[in-house]
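One structure is given below, encoded as structure tokens.
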């Protein structure tokens, strides 16, 4: 079966911003893989997404700690002890 490549730029009907209408999208034919393939894909990529989420949470915590500690260090209210 030949696959048709969709030119999304040709579907753009916006004059100032790119816009693809709901009708244009609903007229597209999509190939959906079997659920077993989707599940294998999910099992493969999910650990990466979980690591991304974990890293983002850690970044937020580190930013909060930086924002609290840095002013105290700069103004001498907190001292660092060399390890």
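Numbers below:
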| read-out | value |
| --- | --- |
| Criterion: modelled with pLDDT under 95 and over 30 Å from residue 78 (Cα atoms) - qualifying residue of 39, 17, 50 | 17 |
| Conditions (1) out of contact with any helix residue (DSSP H, G or I) (no Cβ under 8 Å at 6 or more places or on another chain); (2) within 30 Å of residue 4 (Cβ to Cβ): number failed by residue 54 | (2) |
| Any chance residue 47 is part of a loop (DSSP other than H, G, I, E, B) and under 24 Å from the mean Cα position of the chain (by Cα) | no |
| Among (1) over 23 Å from the mean Cα position of the chain (by Cα); (2) surrounded by fewer than 10 Cβ atoms within 10 Å (Cβ to Cβ), the one test that residue 6 misses | (2) |
| Number of the condition not met by residue 16 [criteria: (1) surrounded by 10 or more Cβ atoms within 10 Å (Cβ to Cβ); (2) in a loop (DSSP other than H, G, I, E, B)] | (1) |
| Residue 33, sole failed condition from (1) at pLDDT 85 or above; (2) not in a loop (DSSP other than H, G, I, E, B) | (2) |
| Criterion (in contact with a helix residue (DSSP H, G or I) (Cβ under 9 Å, 6 or more places away or on another chain) and either within 30 Å of residue 12 (Cα to Cα) or surrounded by 10 or more Cβ atoms within 10 Å (Cβ to Cβ) (or both)) met by exactly one of 38, 70, 62, 28 | 28 |
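The values are calculated or read from the model by the stated rules, or taken from the named source; none is laboratory data. Bear in mind the structure is a predicted one, so any value in this text is a computation, not a measurement. No Cβ is skipped: glycine too gets one built from the backbone with ideal geometry, and neighbour counts run over all protein chains shown.
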